[in-house]
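Worksheet: one structure, shown below.
All of the numbers you see were taken from the coordinates with simple rules; none came from a lab. Being a predicted model, the structure only gives us computed values, none of them experimental. As a convention, Cβ positions derive from the backbone with ideal geometry for all residues, glycine included, and neighbour counts pool all protein chains shown.
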Amino acid sequence: MNESMSRVSGDSALLAARQKLAQARELRTGSDIMQLRAATDLLIEAAEAFDLAVLPIEFGALHLDLADTLSLRARLGDPDLLAEAIDSYQKAIVVFNRDEFPEAYARAFHGLGLANWAGGQLESARWCFETVLEALSPDVSPLDHARARANVAAVLAASPDARDRAQAVGAYHALLESVSPDEYPAEHAEFLLGLGQTQRVQMEGDRRAHLDAAVRAFLRAADLASAGNRDDLRSAALAETALTQVELTSLDPSRFERARRAFATALAEAPAESQPDRHAELRLGFGRLWAGRLPGGGEASRAAALEQFEAALALAPQVTSTSIVAPALIEAPRVIVESPAPTQPRVARALEISRHALSAWPRAQYPTEYARVNLTLGSALLASAAGDRAANVRQAIEAFEAGLDAINREAEPVAYASLQVALAEALAARTDGDRPDNRRRAAAAADRALEASDEDRALVARAHHLLGRLALERSAVEPRALAEGAAHLYRALEDRPRDSEPLAHAETQMLLGMVLASQAARGKPHVLPAAIEAYRASAAAYDIQSHPRESASVHFNLAVALMQPGAGAQDLHEAIRSFEIAAQVFDVAAFPQQHAMISGNLAQARTRLEALA
């Protein structure tokens, strides 16, 4: 009786387990993360009823399903499940040998290869795919055999070794020759897509030629996918085309319009409602395309870049993994804070996004991204006009220091230098605490930036400009610092040409004029003409409509320098014009003290000119 009841109980448990297995297989047909989690729970519960010694085939089949489910979840944003997936694949491999169960054997090694690949174990992944290749006959299963060859080629393409990547290109070309585009248009399109992705990662030789070859492969894949009624594959190929155009445009700006059209086409083929992941990825790439036109593209490019990044962020609730849109949490604030004069609503948005990004890019997992988030957060705090200014500067310094504490100087020299320059500027802007110590720390940070990298020329110019400004401030107690400051400013101007960086050029020329004029006032009158030329260059570069106060200030300094003892009529005429420009900006109603000082100097200049006449 007890034995009979035990058998009935066991049969019931087995029946329930099989029902759970069937339910799990229905749930894991798509990529819905909630359904995949539910399928995982059902499979784990069912596993208790299948004993390897008693029901080996069902044991192996269940673990194969469980492994595929865990591996898919890992690829959708939960990498911690990879180890469990690999364990389940290995349990299935124990059951399914190559001779008796070739299909299950190939599936298990294929899945194990994908899991190892996702985990960065490229050699293990390649061995798994080659094992699958050996198990399949090109005569019996030609397409499965071709897909196995494609997997081997894809692993080679992901290799850090340039020879492996080059070998992958040859492998794809051989594969495409063996699969007829007329007989198998969809499959041929898949392999063209892989070839394009492989061409895109080729770094040796002519980079632009590799990218052009990738685009040709993607476009051909899109056409064949249409012929094979594979809208999903066509959408993927058009997306890859657009995303590749971003780098091509960075190498050749004349391709921008072509790239813009490619994104418009790709976005139309990947609606946000049905393909949120791909749509978000495209929005992110489109934002980067527009951001690549900065600063020359002006406000229109900046607004377009922000629009695309915001569109990507808006899809966060719909995408399968927030990691898809997380880069926009870094990119959008960067575009804002690098603006010459960001509006306060935009600065507030940059602060909001950057604070959210701190949780999306935790330091323990993503130290480099965490450092970059702190760079944009600190920069936004410095640009903010809201709240207490001194508190904002202190928080900015804390953000930059947190980023520096996380970044690897050797691996990321430019990012490290960017943080050091930003820290130097924040320390120089600090008004509380020990001012001389703040200046000393600022100069040390700028020096560290210059020692770390000279790759980003705009960054180098910022560091030299700041060091020039600090030298001018220090000259009150250390007159010899003026020569050092002038040297730094001349160096900054090398990377701040007027044509491409008019505002930065104007700022540095203004500061150089002040340094040289100070030298002239301290016993070196021969440098005064150079100070006047620097002021003139600054005045010519400033746009008085967009920067009236800065332009007026430099005109005032120019006029004062022109009124040197013994100045001739030409210099005095120029001084009068500059004083008049300054007086118009610093009018009597809004700036009574400044206006009075300018008016006094203007009257003196006119009197001296009349005396000469």
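Taking the beta-carbon count within 10 Å as an exposure proxy, list Ser180, Ser71, Ser384 from fewest neighbours to most.
Starting with the residue having the fewest Cβ neighbours, the order is Ser180, Ser384, Ser71.
Stretch Ala444-Arg355 to full length: gain in nm at 0.36 nm per residue minus the Cα-Cα span? Don't jump to the answer; show the numbers that get you there.
Working: separation 89, 0.36 × 89 = 32.04 nm, distance 2.80 nm.
Extra length from Ala444 to Arg355 when fully extended: 29.2 nm.
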For the residue pair Val94 and Gln545, what label-to-label distance in nm results when each label sits 7 Å from Cα along the Cα-to-beta-carbon direction?
-> 7.8 nm
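Once a ≥ b ≥ c are taken as the square roots of the eigenvalues of the Cα gyration tensor of the chain, is the result rounded (a/c under 1.5), prolate (a/b larger than b/c) or oblate (a/b not larger than b/c)?
Numbers: a/c = 3.11, a/b = 2.46, b/c = 1.27.
Prolate is the answer for the chain, as a/c is 1.5 or above and a/b outweighs b/c.
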Please work out the C-alpha center-to-center distance from the stretch 81-141 to the stretch 411-467 and express it in whole Å.
-> 52 Å
Within 10 Å of each residue's Cβ, count the other Cβ atoms and sort Trp127, Trp290 from fewest upward.
-> Trp127, Trp290
At a Förster distance of 51 Å, what's the computed FRET efficiency of Asp499 paired with Arg18, Cβ-Cβ distance as r, to 0.05?
-> 0.10
What angle do you read, to the nearest 10 degrees and between 0 and 90, between the alpha-carbon axis of helix 435-452 and the longest principal axis of the chain?
-> 50 degrees
Estimated vicinal HN-Hα couplings, Hz - the stretch 326-339 in sequence order (Karplus 6.51, -1.76, 1.60; Gly, Pro = x) = 4, x, 5, 5, 9, 5, 4, x, 4, 4, 5, 6, 8, 5
By the mean-Cβ-within-10 Å protection proxy, highest first, 87-94, 531-538, 387-394, 520-527 rank as 531-538, 87-94, 387-394, 520-527
Specify the angular offset, from 0 to 90 degrees and rounded to the nearest 10, of the alpha carbon long axis of helix 457-474 from the longest principal axis of the alpha carbons in the chain.
-> 40 degrees
Additional length obtainable on full extension of the chain from Asn229 to Val477, 0.36 nm per residue less Cα span | 81.5 nm
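Just order 47-53, 446-452 by mean Cβ neighbour count inside 10 Å, highest at the front, would you?
Numbers: 47-53: 14.1, 446-452: 20.4.
Top of the packing list down: 446-452, 47-53.
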Once both label points are put 7 Å beyond Cα along the C-beta direction, the Val140-Ala348 separation in nm becomes 6.9 nm
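May I ask you to compute the full-extension gain from Ser178 to Glu123, defined as 0.36 nm times their residue separation minus their alpha-carbon distance, rounded to one decimal in nm?
Numbers: separation 55, 0.36 × 55 = 19.80 nm, distance 2.57 nm.
Working it through step by step, the gained length comes to 17.2 nm.
Based on the mean of other beta carbon atoms within 10 Å per residue, what is the order of 418-428, 344-354, most packed first?
Details: 418-428: 25.9, 344-354: 18.9.
Ranking the peptides 418-428, 344-354 by packing returns 418-428, 344-354.
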